[in-house]
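Below is one structure; the comments refer to it alone.
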Amino acid sequence: MNKQEAQEILNSELLTFRTREYEDLTVLISVPFNYEIKGTSGATYQIEVQAFWDNPRESNGDIRVIASIDDGRFPFCFIPLSADFIMSPGGNLVGE
């Protein structure tokens with residue numbers, strides 16, 4: 001896997017989720033969103049985006065969104081690149 005290309009794709013895809021409204025992210029909670037995207041190199045990457053309550057005891061609190069990417073080949077299919085962010089109910093990104 002071309003790590004630089006994969007990281008660029010991951011950052012770009014995660015940015016689309018960062019710009020969503022808090023309410024839109026709540027729809028993703030506990031429902032993984034999977035899709036494929038082709039890189040400029042021609043490689044096909046698998047992307048998975050998941051959202052969780054950052055504190056499982058506190059629904060309607062902060063939401064953690066985690067995205068991961070791999071090309072389906074060993075070893076990256078077991079250890080994908082990943083990135084995340086946390087959004088507060090007010091729509092602010094926590095820790096940034």
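Each value in this text was obtained by applying a stated rule to the coordinates, not by laboratory testing. Given the structure is predicted, the values throughout are model-derived calculations rather than measurements. A quick note on method: Cβ atoms are made from the backbone with ideal geometry, for glycine too, and the neighbour counts reach across all protein chains shown.
Below are the figures for this structure:
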| item | result |
| --- | --- |
| Charged-residue dipole, Cβ positions (Lys, Arg, Asp, Glu), segment 3-87 about Cα centre, Debye nearest 20 | 180 |
| Magnitude of the charge dipole, segment 1-42, Cβ model with Lys/Arg +1 and Asp/Glu -1, debye to 20 | 140 |
| Charge-dipole axis of the chain as Lys and Arg at +1 and Asp and Glu at -1 on Cβ define it, positive-most pick from Asn55, Leu93, Ser82 | Ser82 |
| Cα-based helix-to-principal-axis angle, 3-18 vs the chain, degrees rounded to 10 | 30 |
| Label point distance in nm, Phe78-Leu15, each placed 7 Å from Cα along Cα→Cβ | 3.4 |
| At most 13 other Cβ within 10 Å, DSSP loop - GluC sites (Glu not before Pro), segment 16-80 | Glu21, Glu58 |
| Pairwise Cα inverse-distance average, inverted: Kirkwood Rh of segment 3-87 (Å) | 13.4 |
| Alpha-carbon Debye profile of segment 48-96, log10 I(q)/I(0) at 0.23 Å⁻¹ | -0.79 |
